[in-house]
Amino acid sequence: MSKRRIFLLASVVVVALGVAVGAYAYWTSGGSGTGTATADTTSSITVHQTSSVTGLYPGGTAATLSGNFDNPNTSAVKISSITAAVSSVSNGTSDGAKPACTASDFSIGGSVGTTTVASGTGVGSWSGLTIQLLNTAANQDNCKGATANISYTANP
């Protein structure tokens, strides 16, 4: 190989290496920046009773309450418990000579612990609460045919 060819080849290699190093240096660099992330908020879970309770009588056995949930959120939500209370009583006998049937004639018992509720309608399940018609010292004839309306709360 002649000196001229070697010189040309060496020149081409040096130029190619220079371009490669220049390109590498041009396309790589360090830097810094900032960003943000925002936590989502949740919508309320709706607790449904799916069990049907009938046949309560004063001092009788407590009946089991159970149900499911509506979770309008886009992801699962964890709740720590479900609480319930008799909020009102309707449709009882109406004998003015006897005491009215009230929420205090009923008792909610049991507990529902921590549960994770998937996103969706009618999802998951809960059980563990009971309702009982108490046997009080007062006449409870006005509780015949009464409906105990129960309010449920899903606690965070």
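Every number here is computed from the coordinates shown, using simple stated rules; none is lab data. Computed from a predicted structure; not experimentally measured. All Cβ positions, glycine included, derive from the backbone under ideal geometry; neighbour counts span all protein chains shown.
If you filter segment 44-83 down to residues that are within 14 Å of the chain's Cα centre (by Cα) and of a type in the set (A, V, I, L, M), you find that the one that is farthest from VAL117 (Cα to Cα) is ILE82. For segment 99-134, a tally of residues being assigned to a loop (DSSP other than H, G, I, E, B), out of contact with any Gly (no Cβ under 8 Å at 6 or more places or on another chain) and closer than 17 Å to THR153 by Cα returns 1. Would segment 81-92 turn up any residue that is surrounded by fewer than 16 Cβ atoms within 10 Å (Cβ to Cβ), in contact (Cβ under 8 Å) with a residue 60 or more places away in the chain and touching a Leu at 6+ places or on another chain (Cβ under 8 Å)? No; the residues of segment 81-92 include none that is surrounded by fewer than 16 Cβ atoms within 10 Å (Cβ to Cβ), in contact (Cβ under 8 Å) with a residue 60 or more places away in the chain and touching a Leu at 6+ places or on another chain (Cβ under 8 Å). With respect to SER125, is the statement that it is surrounded by 12 or more Cβ atoms within 10 Å (Cβ to Cβ), more than 17 Å from THR42 (Cα to Cα), within 23 Å of the chain's Cα centre (by Cα) and not aliphatic (A, V, I, L, M) true? So SER125 passes the test.
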